[in-house]
Structures are given as C-alpha cells and as structure tokens.
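Colleague: Quick one: this structure, given as structure tokens, is what I'll be asking you about.
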Amino acid sequence: MDIHVHFRDFELSYKEDAVSGTQAALAGGYVAVGDMPNTKPPIKTVELLRRKIEEFGRKTNLHIRHYFGAPPQDPSILKDALINGAYAVGEVLPEEVLDYGGDQYLEALFREAARVGIPIVMHCEDPVIINQYSGPRDFEHHNAIRGPRAELACVHNIIKLVYRYGTKVHMTHLTLPQSISMIRLSGLDITFDVTPHHMLLSQEECLARAEKPAYCKVNPPLRDETTRRELLTMFVRGEVPIVASDHAPHADWEKDRPYDEAPPGIVGLETTAPLLLTLWRRGFTDLGTVMRAIQERPAKFLGLNVGIRQGFCADLTIINTKARHRIEPERFRSKAKFSPFKGFEVDVAVAATILHGKLAYIGEGYIDETTVKTLENALQGG
Ligand SMILES: [Zn+2]
C-alpha cells in the first residue's frame, strides 16, 4: 500500500492516468494508494473532487484514497471536502503556501483542518528559504537550491503549528535524519514517510548513473551521500514508519528540458517493493521492518485492514524472493518508462497481484504456469 502517488489523469493523461497508474501499482504489488490532487485542473473544489472520485471509480477498482488540494484563501471549504470523500488535505506544496500568503495562510489552514478533523499531508520545504538562494541554477546544484535548511525550517514550523492547534499531520518524503529526530523530540503524534530514492540514491551518484540529469530532479532533492546513508540506516533500524514511492510520472520529453523547466519527480510504484525487499534478502534488515513500512502502517494510515478475514475477497501480492534481475524501466506499466534505478540489481520480483479476489497481474518470467493455474483454481468462486 502506497500512501503517496500521482496518477495525474485529466489534462495530464499523457503523463499517466488512472488506468496506467493502476497497472503500474499492480505490477509493483500495490493494491491500495493515496492519490495526490495536483492534477490539471487541481482538485481544489468539491465539484472537481466529486468528478475525480466518480471518474476514477469508472476507470479503476484499485483501493484509492483521494487527497484534496490546499484551497486558495478560505479554508472553510475543508468541511465540505471531507463530507464529499476527501481523505486528507495535501500534499501541501511549498509553492502554493507562498502563493496563498505564506505563514499566515498555513496557520489558517492548520486551524481549520483541526476544527474539521481532516488530516494534512505536508510536503515540507520552506518556500521563503528556497527563494533566498542566489547561486548557480543547474541539476548539479538542485540539492543546494532547495537545501536541507528549507526542510528543517518547515519541519520546525509545522511542529509549532501542531503544538498550537493539534492538527493531525503527516510529513511526506522527509529526507533528513535531523527532521526525523526533531519530530521524535517534539513528542507529538506526527507521522511521516521517506521514499526509496532518498534512501538509496545520493544526488551525486544519481547524476553519474542516469541517462538524463532530469531523471534525478525530484523535490525535495536527493541529498549527499552521508545524509543518504544515515537515512537508510534509520530505515534498516526500524526508525522509519512508512515508505512511500511518491510515484511522480512525466513524459520523457519533459525530462529533456533545461534545469528550471524540467518537472520534478521519479516514478516508484514498480521499483519500491523489489528494492526494499532486496534489502531484506541481502540481510540489511528484517522482513518485518520492510512489511511494516510498505504494508502495515500505510494500511493503517489509509484506513484499511491487513490480515485474513472470512467472507472477504482477497487483495494479495505474491512475491518471488529468488528472482535476481536488473530493473528495466522499458518494461514498466507506467507511462513513464524511465527511472534513475535503471540497471539496479534486485533479488525480488512481484510474481502476481490479486485484487478483489481476481488475478489482476501476472509477473511474466517470475511465476510458472502451474502456479498460475493453481491460483486461478483457488480463486474460482471468490
Ligand atoms: Zn508527491
């Protein structure tokens, strides 16, 4: 289960849509996702939210939670959004916070969200600090342009707001061990996630490997090697509650643009489970740590159940744990067939995904005919 994906659709269907996003999820072993509202048009009105839920309902039967975009100006719309199916507000992006009035806006948003009882998913980078940067602007400086200080300032600010208003907050894709320490020291019930790319790729290594430098452009940026290692260490020790992919597809030609115009984002639905389970297979961490981060806690966050229960259709992922292979983005079901993880060797593959009691994905080459037949027979009659 992945609490942070961008299925795009609508006017951005050339990047991804509900159908291709679902295919990517199933191929990656995911049966449930939380989908972000920065579509075009963005989901910031109740009317658009209802339209999205209705359209996605026709296009996919994946379990989907729909997030609601941070509303411009008056946050009193949040109650209506909640009633009409919004699962949370967010991800609240630094650029919109700045556009809508900065700290004053955030304060009003947090106050209203607490009053209404809707959680906020925060993309934590301080836009004012980002804007203060005046050095060179290119892919090599992305981690300086949106430096660690921007994340730390935002985390600090959000902790203050949660302390003041008691808002339910989730900070998504944190990149710094210090951010996690700050949350822990606050003693507040703030949840967070990290992504596989921030744990497994430094900016330097990514730029050295990737075919296009824009494949490494993601917000918040990939950090330096020391930071990346420390973040990964926290994960293998079980100190990272949730791993989310932040699956952010774009068209390949958009990644040919120069630094300032290249859209940020890395696709992750089809690489996250194999990468993390490989950490387990190679003895860096135990299976429980991985499963809690990609199944148990995301399920809790999304309000879904994990476990065997009588009388329900199965959502089930079958993993082949002896399937050493290299990541081939050309084989992705996502429309974005590129990734900085291209060529990474993994030991694990998704063999099959069962959704609502039906075989919804078969990982060719990773499951044999007999097993598929056995599965089909077992699933007959639900
Ligand atoms: Zn995102």
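Here, each number is a calculation from the coordinates, and none is a lab measurement. Note that the coordinates shown come from a computational prediction; the quantities given were computed from them, not determined experimentally. Note: ideal-geometry Cβ built from the backbone for every residue, glycine included; neighbour counts use all protein chains shown.
Colleague: For the chain, modelled as a Gaussian network with Cα springs under 10 Å, which listed residue fluctuates most, ALA352, ALA214, ALA114?
Modeller: Of ALA352, ALA214, ALA114, the Gaussian network model singles out ALA114 as fluctuating most.
Colleague: I need the Debye-formula profile for region 42-166: one equal scatterer per C-alpha, no solvent, reported as log10 I(q)/I(0) at q = 0.16, 0.18, 0.22 1/Å, two decimals.
Modeller: Ignoring solvent entirely, the Cα scatterers give -0.82, -0.95, -1.18.
Colleague: Hey, in the chain, which Cys have no second cysteine's beta-carbon closer than 4.7 Å?
Modeller: So far as the 4.7 Å Cβ criterion goes, CYS313 stand without a partner in the chain.
Colleague: Suppose every K and R has +1 on its Cβ and every D and E has -1 on its Cβ; what is the size of the dipole of the chain about the Cα centre, in Debye to the nearest 20? It would help to have the intermediate numbers written out before the result.
Modeller: Working: 45 positive and 50 negative charges, 171 e Å.
Here the chain has a charge dipole of around 820 debye.
Colleague: What 222 nm value per residue comes from the helices of the chain, counting each DSSP H run with n ≥ 4 as -39,500 (n - 2.57) and dividing by all residues, nearest 500 deg cm²/dmol? The partial results should precede the final answer.
Modeller: On the way: 16 runs with 144 residues, N = 382.
Result for the chain: -10500 deg cm²/dmol, rounded to the nearest 500.
Colleague: Post the alpha-carbon centroid distance, region 2-49 to region 280-321, in whole angstrom.
Modeller: Using only Cα atoms to place each centre, the spacing works out to 22 Å.
Colleague: Given H placed on each backbone N at 1.01 Å, which residues far from GLY34 in sequence or on other chains put an amide H within less than 5 Å of it?
Modeller: Hits under the 5 Å cutoff: ASP2, ILE3, HIS4, VAL5, ARG65.
Colleague: Here's a follow-up. Taking amide H positions as placed in the peptide plane 1.01 Å from N, state which residues far from VAL92 in sequence (5 or more) or on other chains have amide H under 5 Å from it.
Modeller: When sequence neighbours closer than 5 places are left aside, the close amide H contacts are VAL121, MET122, HIS123.
Colleague: On each of the three principal axes of the Cα atoms of the chain, give max minus min coordinate, whole Å, ordered largest first.
Modeller: 61, 47, 41
Colleague: Using amide H atoms built 1.01 Å from N in the peptide plane, name the residues 5+ places from ALA323, or on other chains, whose amide H lies under 5 Å from its own.
Modeller: Correct list: VAL348, ALA349.
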